[in-house]
1. When you scan segment 206-302 for strands (runs of 3 or more DSSP E) that lie fully inside it, which ones turn up with 2 or more residues that are more than 22 Å from GLY144 (Cα to Cα)?
2. Could you list all residues from segment 1-34 that are touching a Ser or Thr at 6+ places or on another chain (Cβ under 8 Å) and within 16 Å of the ligand (Cβ to nearest atom)?
3. Give just the number: which of (1) assigned to a loop (DSSP other than H, G, I, E, B); (2) under 20 Å from the mean Cα position of the chain (by Cα) does THR61 not satisfy?
4. Considering only segment 20-54, state which residues are more than 21 Å from TYR314 (Cα to Cα) and open to solvent by 60 Å² or more (accessible area, probe 1.4 Å).
5. What's the number of the condition GLY71 fails, among (1) on the phi > 0 side of the Ramachandran plot; (2) assigned to a helix (DSSP H, G or I); (3) of a type outside the set (Asp, Glu)?
6. In segment 3-19, is there at least one residue being closer than 29 Å to VAL229 by Cα, part of a helix (DSSP H, G or I) and out of contact with any His (no Cβ under 7 Å at 6 or more places or on another chain)?
7. Return yes when PRO38 is within 9 Å of the ligand (Cβ to nearest atom) and either without any contact (Cβ under 8 Å) to a residue 60 or more places away in the chain or not aliphatic (A, V, I, L, M) (or both) and no when it is not.
Amino acid sequence: LDLNHLTEAEAAQRAAALRPQLLQWGKEYYENDQPSVPDAEYDQAYNQLVQLETYFPAIVTPDSPTQRVGGQVDSEFTKVPHPIPMLSLGDVFSADELNEFVVRLQKDYPAVQEFNCELKIDGLSISLRYEQGRLVQGSTRGNGVIGEDITANVKTIASIPQRLSRPIDIEVRGECYMGKDAFLKLNERRELEGKATFANPRNAAAGSLRQLDPKVTAARHLSTFMYNVADYDDLEATTQSGLLAELKELGFSVDPDYQVAHTLDEINAYIEKYQAQRDQLSYGIDGIVIKTNSLALQTEIGHTVKVPKWAIAYKFPPEEAHVKIDAIEWTI
Ligand code: NAD
């Protein structure tokens, strides 16, 4: 995309063509759990829109997919407000872009000296609310501000504790996913039954969790890894890595593969290690998440309407064999 040779009007026209396409793909992905294009194709179109809007800020519209967390709330579910929004993540696709992110962050916040590297689990975000240590509500991310009530469904997931090791009030966030074995078996069974198969474990997990009948969810063998909380008031942790250890103590399932890094070399070594091991993991990952380790700095750095500014996702190259180069036929 040669931004230097575009006029603002041309950029606006291109952006206006991309937005409905992205919204349509988002609807298929988030609401129907049945994407019609590979993620890489969506990502490519999305990034073109980001580039256009970054270069020509005046063309941004408030309803642009770049300005809100993807996903809507299915009207069949009870709505759950998220007073502390559930955000998405900014992403980068190369070592250079990652380098740029880290350099810029440390320039703006020189106190950022430590990062926590985590696997980016390919599932869907959930939020679990506990009162006095008892599970009282489970919800999906939805549009980030309003999610869907899936309390009965999350109660069927073995890795989610009904009661914590301490009687605290807390809202814990993380990823619900379907392991590779469970995914293959589910698709095999669906094929035998003549039903549509799921495109990938992420969509299988979403389709299994967003069910009005919790018995369906119970039969689908979902798993979870928790990695975040809505607020830290009742916790002792002061770092992201400490938070993960504390969540484990409270009874949650936490992915053990996280690692603290101090330099870009250490971050890159982590990325290389898990990119190479990706196929051997029993669950899908689509990248690595690099987070500012200090929780106080996370709060200070803050977030945009859509993503935290203290973290970034490094997305792995697509596994799909064929990716179309251009997602949209330009009309200009
Ligand atoms: P995302 O999946 O790229 O990243 C944000 C999410 O990562 C978080 O909300 C969280 O659920 C998850 N995550 C996993 N591990 C995490 C960890 N350790 N720490 C923090 N978060 C972690 O963003 P998104 O907004 O959920 O979805 C956008 C992506 O969905 C696109 O990049 C695209 O690949 C895909 N998508 C595809 C289509 C399609 O048609 N194929 C349509 C829409 C979106």
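The values are calculated or read from the model by the stated rules, or taken from the named source; none is laboratory data. Just so you know, these numbers come straight off a predicted model, no measurement behind them. Cβ atoms come from the backbone with ideal geometry, glycine included; neighbour counts cover every protein chain shown. Just the protein is used for accessible areas: all its heavy atoms, side chains included, with ligands, DNA and RNA removed. Shrake-Rupley method; radii C 1.70, N 1.55, O 1.52, S 1.80 Å.
1. On the way: elements: 222-229, 259-261, 285-292.
Fully inside segment 206-302 and qualifying: 259-261.
2. Scanning segment 1-34 gives ARG19, TRP25, GLU28.
3. For THR61, the failing item is (2).
4. PRO20, LEU23, GLN24, LYS27, ASN32, GLN34, SER36 - these are the residues of segment 20-54 that are more than 21 Å from TYR314 (Cα to Cα) and open to solvent by 60 Å² or more (accessible area, probe 1.4 Å).
5. (2)
6. Here is the first cut: in segment 3-19, the ones closer than 29 Å to VAL229 by Cα are none.
The answer is no, given that none of the residues of segment 3-19 is closer than 29 Å to VAL229 by Cα, part of a helix (DSSP H, G or I) and out of contact with any His (no Cβ under 7 Å at 6 or more places or on another chain).
7. Numbers: within 9 Å of the ligand (Cβ to nearest atom): yes; either without any contact (Cβ under 8 Å) to a residue 60 or more places away in the chain or not aliphatic (A, V, I, L, M) (or both): yes.
Against the criterion (within 9 Å of the ligand (Cβ to nearest atom) and either without any contact (Cβ under 8 Å) to a residue 60 or more places away in the chain or not aliphatic (A, V, I, L, M) (or both)), PRO38 qualifies.
Per-residue answers, yes or no, for (1) within 16 Å of the ligand (Cβ to nearest atom); (2) open to solvent by 60 Å² or more (accessible area, probe 1.4 Å); (3) touching a residue at least 60 places away in the same chain (Cβ under 8 Å):
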residue	(1), (2), (3)
GLU249	no, yes, yes
PRO256	yes, yes, no
GLU272	no, yes, no
ARG278	yes, no, no
GLY287	yes, no, yes
ALA311	yes, no, yes
